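A.B. asks: One structure, as structure tokens, below. Some questions next.
The values are calculated or read from the model by the stated rules, or taken from the named source; none is laboratory data. Treat the numbers as computed from the prediction; the structure is a model and nothing was measured. Glycine gets a Cβ as well: all are built from the backbone with ideal geometry, and neighbour counts include every protein chain shown. With ligands, DNA and RNA removed, areas are computed over all heavy atoms of the protein, side chains included. Shrake-Rupley method; radii C 1.70, N 1.55, O 1.52, S 1.80 Å.
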Amino acid sequence: MLEPYRVLDLTDERGLLCGQILADLGADVLQIEPPGGSPARRLGPFAGDVPHPDRSLVWWAYARNKRSVTLDVASPAGRERLLELARTAHFLIESAPPGVRAAQRLAYPDLAAVNPALVYVSITPFGQRGPRAGWAASDLVVWAAGGPLVLTGDADRPPVRLPIAQAFLHASADAAVGALIAHHERQRTGRGQHVDVSAQQAVALATQSYILCDAVGHPPVQRAAGGLVNGPLRLQLLFPARDGHVAITLLFGSAIGPFTRRLMEWIYEEGGCDAATRDKDWLGYADLLLSGAEPLAEFEHVKATVAAFTRTKTKAELLEAALARELLIAPVTTIDEVLASPQLAARDYWQDLPHPEHGGSVRYPGAFARFGASPIRYHRRAPRVGEHTVEVLAEPARPAPAVPAARTATEPPEAALADVRILDFMWVMAGPAATRMLADYGAQIVRLESTRYVDTARTLAPFHGAQPGIENSAIFQNLNAGKRMLTLDVRTPVGRETVLDLVRWADVVTESFAPGRMRALGLDYETLRRVNPRLVMLSACLMGQTGPRAGFAGYGNLAAAISGFSNLGGWPDRAPAGPFSAYTDYVSPRFVALAVLAALEHRRQTGEGQYIDCSQAECALHFLAPALLDYVVNGRIAERCGNRDRDAVPHGVYPAAGTDQWVAIAVETDAHWHALCAALGRPELAHDPRYATAAARRAHEEALDALIAAWTSTRDRHEIALDLQRRGVPAYAVQNSPDLVRDPQLLARSHFHRIAHPIHGATTVEGSRFVLSRTPAEIRGPAPTYGADNDYVLREILGYDDDRITALVTSGALA
């Protein structure tokens, strides 16, 4: 899909995934490395546990399909050679701290002067501008700054991250989306632009919109191992099994309550509960608890009943029952179990790439989406240092980017995706989050809903004023701002005909129902393409459209469990504790948006639409690639390790003054250590033999953590972070919603938007997680309320007259 295009990738580990995504989509990606290789090559684990630039499994995980070119861009000769490459490149990706590229005269203005059509992507911890743009950061620090960290872990211990760094993977995937949005706009105007990505904003998606609690009047939620505390309710999502743990969506309401009832019926059948427990009002149970009609102690009894039952079953038995009985249960898998998945094997997911130096081939995660007309292909392992320098520099000069003539400077730019029209059947979180990304940049989206089948997101907290209601959910408003909606029962004949009219209008149809549902409605791709031969259709679900577990339906917390994430968060001496909630719902939206944009590029080139099968589990596994390779290559299974880090030491979340107040600190270099010692008022520790080197500090890590905790525990967490940042040490207060909505960096980047709302007067939603310099995001209205857009969609988009609208109303289809 991107075969005509060249990418210059100057990133380190903070941006490698962005370039790999573009390479997977077919672009010629040149990894521009300094002499000696990228810093990412120094990150473990290593093949055979032998540290070497060509054996880093982090490098292997995110540099395949690329070619390596060694250039010292800080030297005059290296800079000139890079400028030569940039003259004919289409994209440049970089992840240097703000100001570094400007000092090298390689910032966006410098490169745009050489190639006005260049899309230049910058990935940094906090973005290019703002009062904290220059702050030092690590994966842990970004996780603390953006909000997810405070939600993850045991309530009686510090918040905890995953042992496989995640923050810059979120940012890199966002960067790839931003690059393709800018590219789409370039095809109309001939002009490139700067894409500025903030990892802090990227990871905020993983708060599941709980970042908005303070803004909408909902109490901040608190972490609880494998669940969360929401007001008086302590929700539990992870439960013991006979041979490990399982995830269960033990929730209530019209969407999830029926699943909970079926679970309790099974428990009753096997003598695990009485009839009164089985027959509770699982649809209205949350209201009963919040009103006091049902004592909270009784809910604790329900959770204990479920735990006692699941403890008698193996993970496999519980999964088979979930498939047979339509239950929301998934096994918490370990890395080796992920590799052995029959579902992934049946879908031929894993890809073997040649590694002669390793004695054969190595198995990698496969395509993030299955494109019917233009499949992703893997053909090249991660390159050795400078492996392709001579080859690339000897290639004949490429033509400059072939794009239409640019508009005049006086013409106001259209939204980047103003020519894209999407008919959206997505629901709950992952799918709507993806189409919201496209709506922000001008895509016209018509969302289909029915009051007869309430979207689960409408039933999820946080709520305006902490009051549940189908128009009160801040999650729903956050994921669907800027879209139009038609309330339509597509099962009726007249409703189906209306859908087909919208298909004729649309460029893209997106849906996230269980596999087979669209076919049962007579709305499968083969049917829709007969109506619109150029149509792109994407189906997103947990496990994909085919395979023995394709029918496994549910939410992102289940996909996170079955994909290996849930087992990794927490402490070695305790049960799994994370990551927070529906984690794959926060990873997969980027890949869904990428798939849509890539398919539209393919259609632009060929005139051909296509069908895309996107498995939430499959795309999310790219975020575990180093751990998967560690097992494949070294036979090592990643395990929970609290906040310990392979390279940084000390590295942790430390108590600050106050209740449940914490600060994240990451010492990655000896310079950081010396600066931390000075802040502690103990400069002599920098040279103490127990702590003078990273290896020595690791040998005394517990004592060192206690020493730091004694210092932090009497101080304000924000003041600690500010003091350490002034000294160049990566640190940030662990932030919950009240901190986040007042965070000076997020405010400077306009992360929060107060917009008018027809019911609440106003509401707050998050903005885009990256900034495009010429065609920035714009939120074009609140999330649609039931029925409010019906007239607009029918008249303005479909051109229906009064008679046809009246016939729709009288048919009962508009419901």
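A.B. asks: What are the residues in segment 269-309 that are part of a loop (DSSP other than H, G, I, E, B), under 21 Å from residue 456 (Cβ atoms) and at pLDDT below 95, if any?
C.D. replies: Answer for segment 269-309, where residues must be part of a loop (DSSP other than H, G, I, E, B), under 21 Å from residue 456 (Cβ atoms) and at pLDDT below 95: 283, 284.
A.B. asks: Moving on to the next point. It is to be established whether one or more residues within segment 173-190 are of a type in the set (A, V, I, L, M) and open to solvent by 10 Å² or more (accessible area, probe 1.4 Å).
C.D. replies: No, that holds for no residue.
A.B. asks: Scan segment 277-300 for residues that are over 25 Å from residue 470 (Cα atoms) and open to solvent by 70 Å² or more (accessible area, probe 1.4 Å) and jot them down.
C.D. replies: 297, 300, listed by residue number.
A.B. asks: Could you tell me whether residue 433 is among the hydrophobic types (A, V, I, L, M, F, W, C), closer than 25 Å to residue 558 by Cα, assigned to a loop (DSSP other than H, G, I, E, B) and open to solvent by less than 20 Å² (accessible area, probe 1.4 Å)?
C.D. replies: When the stated conditions are applied, residue 433 does not pass them.
A.B. asks: A further question on this structure: How many residues are closer than 21 Å to residue 434 by Cα and not in a strand (DSSP E or B) when one looks only at segment 507-522?
C.D. replies: Summing the residues that are closer than 21 Å to residue 434 by Cα and not in a strand (DSSP E or B) in segment 507-522 gives 7.
A.B. asks: Of all residues in segment 238-262 being assigned to a helix (DSSP H, G or I) and within 18 Å of residue 289 (Cα to Cα), which is farthest from the chain's Cα centre (by Cα)? Break it down into steps so the answer makes sense when it comes.
C.D. replies: Of the residues in segment 238-262, the ones assigned to a helix (DSSP H, G or I) are 253-262.
Now restrict to residues that are within 18 Å of residue 289 (Cα to Cα): 253-258, 260-261.
On the way: 253: 26, 254: 27, 255: 24, 256: 23, 257: 27, 258: 28, 260: 27, 261: 31 Å.
Here the answer is 261.
A.B. asks: Would you kindly identify the helices (runs of 4 or more DSSP H) lying entirely within segment 32-138 that contain at least 1 residues that are acidic (Asp, Glu) and open to solvent by 50 Å² or more (accessible area, probe 1.4 Å)?
C.D. replies: 76-87, 108-114
A.B. asks: Among residues belonging to segment 329-363 that are farther than 14 Å from residue 561 by Cβ and hydroxyl-bearing (Ser, Thr, Tyr), point out the one that is surrounded by the fewest Cβ atoms within 10 Å (Cβ to Cβ). Steps first, please.
C.D. replies: Quick first cut of segment 329-363, residues farther than 14 Å from residue 561 by Cβ only: 336, 339-340, 342, 344-363.
If we keep only those that are hydroxyl-bearing (Ser, Thr, Tyr) too, we end up with 349, 361.
Working: 349: 21, 361: 14.
By that ranking, first place goes to 361.
A.B. asks: Would you confirm, using the coordinates I've provided, whether residue 599 is crowded, with 24+ Cβ neighbours inside 10 Å, touching an Asp or Glu at 6+ places or on another chain (Cβ under 9 Å) and in contact (Cβ under 8 Å) with a residue 60 or more places away in the chain? Show your work before the answer.
C.D. replies: On the way: crowded, with 24+ Cβ neighbours inside 10 Å: yes; touching an Asp or Glu at 6+ places or on another chain (Cβ under 9 Å): no; in contact (Cβ under 8 Å) with a residue 60 or more places away in the chain: yes.
The answer is no for residue 599.
A.B. asks: Taking residue 660 as the residue in question, decide whether it is closer than 26 Å to residue 559 by Cβ, open to solvent by 10 Å² or more (accessible area, probe 1.4 Å) and outside any helix (DSSP H, G or I). Let's see the steps before the verdict.
C.D. replies: Working: closer than 26 Å to residue 559 by Cβ: no; open to solvent by 10 Å² or more (accessible area, probe 1.4 Å): yes; outside any helix (DSSP H, G or I): yes.
Judged against the criteria, residue 660 is not a match.
A.B. asks: Another question, then. Output yes when any residue across segment 701-710 is without any contact (Cβ under 8 Å) to a residue 40 or more places away in the chain, assigned to a loop (DSSP other than H, G, I, E, B) and under 20 Å from residue 683 (Cα atoms), and no when none is.
C.D. replies: No, that holds for no residue.
A.B. asks: Filter segment 530-577 for residues that are open to solvent by 10 Å² or more (accessible area, probe 1.4 Å) and assigned to a helix (DSSP H, G or I) and give the result.
C.D. replies: Correct list: 530, 531, 557, 562.
A.B. asks: Being aromatic (Phe, Trp, Tyr) and at pLDDT 95 or above is the filter here, so list the residues in segment 528-586 that pass it.
C.D. replies: Within segment 528-586, 565, 571, 583, 586 meet the criteria.
A.B. asks: Moving on to the next point. Pull up segment 301-319, narrow it to residues that are under 18 Å from residue 338 (Cβ atoms) and within 30 Å of the chain's Cα centre (by Cα), then point me to the one that is most open to solvent (accessible area, probe 1.4 Å). Break it down into steps so the answer makes sense when it comes.
C.D. replies: First, pick out the residues of segment 301-319 that are under 18 Å from residue 338 (Cβ atoms): 314-316, 318-319.
Among the residues that remain, those that are also within 30 Å of the chain's Cα centre (by Cα) are: 315-316, 318-319.
On the way: 315: 17, 316: 64, 318: 0, 319: 7 Å².
Per the stated criteria, the residue is 316.
A.B. asks: Hey, among 631, 611, which residue is of a type outside the set (Lys, Arg), surrounded by fewer than 24 Cβ atoms within 10 Å (Cβ to Cβ), over 21 Å from the mean Cα position of the chain (by Cα) and assigned to a helix (DSSP H, G or I)? If you could, list the steps in order and put the result at the bottom.
C.D. replies: Numbers: 611 fails: assigned to a helix (DSSP H, G or I).
When all the criteria are applied, what remains is 631.
A.B. asks: Still on this structure, I have one more. Name the residue that is modelled with the lowest pLDDT, counting only residues in segment 436-463 that are among the acidic types (Asp, Glu) and not in a strand (DSSP E or B).
C.D. replies: 455
A.B. asks: Now for a different question. For segment 673-700, how many residues meet the condition of being assigned to a loop (DSSP other than H, G, I, E, B), open to solvent by 20 Å² or more (accessible area, probe 1.4 Å) and under 19 Å from residue 645 (Cα atoms)?
C.D. replies: The qualifying residues number 4.
A.B. asks: Something else about it: Scan 193, 236, 201, 166 and give me the residue that is open to solvent by 10 Å² or more (accessible area, probe 1.4 Å) and in contact (Cβ under 8 Å) with a residue 60 or more places away in the chain. Working first, answer last.
C.D. replies: On the way: 193 fails: open to solvent by 10 Å² or more (accessible area, probe 1.4 Å); 201 fails: open to solvent by 10 Å² or more (accessible area, probe 1.4 Å); 166 fails: open to solvent by 10 Å² or more (accessible area, probe 1.4 Å).
After applying the criteria, what remains is 236.
A.B. asks: Moving on. Would it be correct to say that residue 611 is out of contact with any His (no Cβ under 9 Å at 6 or more places or on another chain) and under 30 Å from residue 181 (Cα atoms)? Outline the logic, then answer.
C.D. replies: Values: out of contact with any His (no Cβ under 9 Å at 6 or more places or on another chain): yes; under 30 Å from residue 181 (Cα atoms): yes.
So residue 611 passes the test.
A.B. asks: Give the number of residues within segment 579-608 that are part of a helix (DSSP H, G or I) and of a type in the set (Ser, Thr, Tyr).
C.D. replies: 4
A.B. asks: Name the one entry in 465, 431, 442 that is over 30 Å from residue 232 (Cβ atoms), small (Gly, Ala, Ser) and out of contact with any strand residue (DSSP E or B) (no Cβ under 8 Å at 6 or more places or on another chain).
C.D. replies: Only one candidate passes the filter, namely 442.
A.B. asks: Further question on the same structure: So, restricting to strands (runs of 3 or more DSSP E) that lie completely within segment 733-815, which ones have at least 1 residues that are touching a residue at least 40 places away in the same chain (Cβ under 8 Å), open to solvent by less than 20 Å² (accessible area, probe 1.4 Å) and among the charged types (D, E, K, R)?
C.D. replies: On the way: elements: 752-757, 761-766, 770-772.
By residue number, 761-766.
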